[in-house]
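Colleague: Sharing a structure with you now.
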Amino acid sequence: MSLIDPKTIEEEIVHFLAEGEQTTLTLLHKIDLERRGVTKQGFYAALRKLKGEEVVVVYQGRVSLNTAWIRRMQDTLATLSAAYIPTSESSDILALTEKETVSYTFSTTKHLDTFWGHTQNQIIERTPRSEAVFSYDPHYWFYVARKETEERLIEHITSENRQFLMTVGGETALDRSLKARFATDLRQYHQEKLFPRPEYYVVVIGDYLTEVVLDSRVAAMVDDIYERSTGADSITEKTLARLLTIKAKHRIKISRNARKARELKTKLGKNFFIQKS
């Protein structure tokens, strides 16, 4: 992909997004001025391709570059990294004040997970490195279905000497199979059911809480796969990966609440070694 001298519609989209988040209509207008004769169909096809490749995040008619993609391109796209790992109050999430909340809905799990990773990167950049990432999943199935993506996120967290502390609610063979991959002070893994709802996921970083409620049908499918599986293998990975594209209704709520964050960190952190700041 050429960003210095863009030649395709996809490259033009990324080139203009270097300026910051934009509406799809503004982006289409800029592309049309640059490439006379571009059709709406051609523009939206290129946007869908970039979204499918997780280069961009699209939500409610607005488009931004995916921070996870920027990090992969960091060596050659340093200016983009600076623009999309912000320290300003421009982001809805980073602009949250105490006890404020913002919520989103998604129609596929893949789009939910992409946006989730994107916002988590933003929060990580905003909070001190001494603040661990406390995470609870009924099953850590995203790691099985999207291992490469999850590993990149974890490596980014731990590369700054920040702890990643994962609690999973399941006790199946597949749940147990991941434990060996989280056996350092920075990467820890504990199995204990702490919340009753199989569709409820939560991450706490500093004063920020990210709560995800999966579509109950998808959550039930995940449970069923975990109950039948004897461990992580290629068939299980492909079966779980197929759930990423199922049409469903998922919700994500991001809050800033110091009291609730403290309570959850106490609940989630009791079985881990926590580094002193």
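The values are calculated or read from the model by the stated rules, or taken from the named source; none is laboratory data. Not measured: the values here are computed from a predicted model. Cβ coordinates were reconstructed from backbone atoms using ideal geometry, including for glycine residues, and neighbour counts include every protein chain displayed.
Colleague: Considering THR23, THR8, which residue is over 20 Å from the mean Cα position of the chain (by Cα) and within 22 Å of THR108 (Cα to Cα)?
Modeller: The conditions single out THR23.
Colleague: Of all the strands (runs of 3 or more DSSP E) wholly in the stretch 194-277, which have at least 3 residues that are of a type in the set (Lys, Arg)?
Modeller: 250-256
Colleague: Further question on the same structure: For the subset of the stretch 166-189 comprising residues that are of a type in the set (A, V, I, L, M, F, W, C) and assigned to a helix (DSSP H, G or I), which member is surrounded by the most Cβ atoms within 10 Å (Cβ to Cβ)?
Modeller: Filtering the stretch 166-189 for residues that are of a type in the set (A, V, I, L, M, F, W, C) and assigned to a helix (DSSP H, G or I), the one surrounded by the most Cβ atoms within 10 Å (Cβ to Cβ) comes out as LEU174.
Colleague: Ok, one more. For the list (1) at pLDDT below 90; (2) farther than 18 Å from GLU11 by Cβ, I need the number of the one condition that TRP116 fails.
Modeller: (1)
Colleague: Would you mention how many residues in the stretch 131-157 are at pLDDT below 95 and among the hydroxyl-bearing types (Ser, Thr, Tyr)?
Modeller: Total meeting the criteria: 1.
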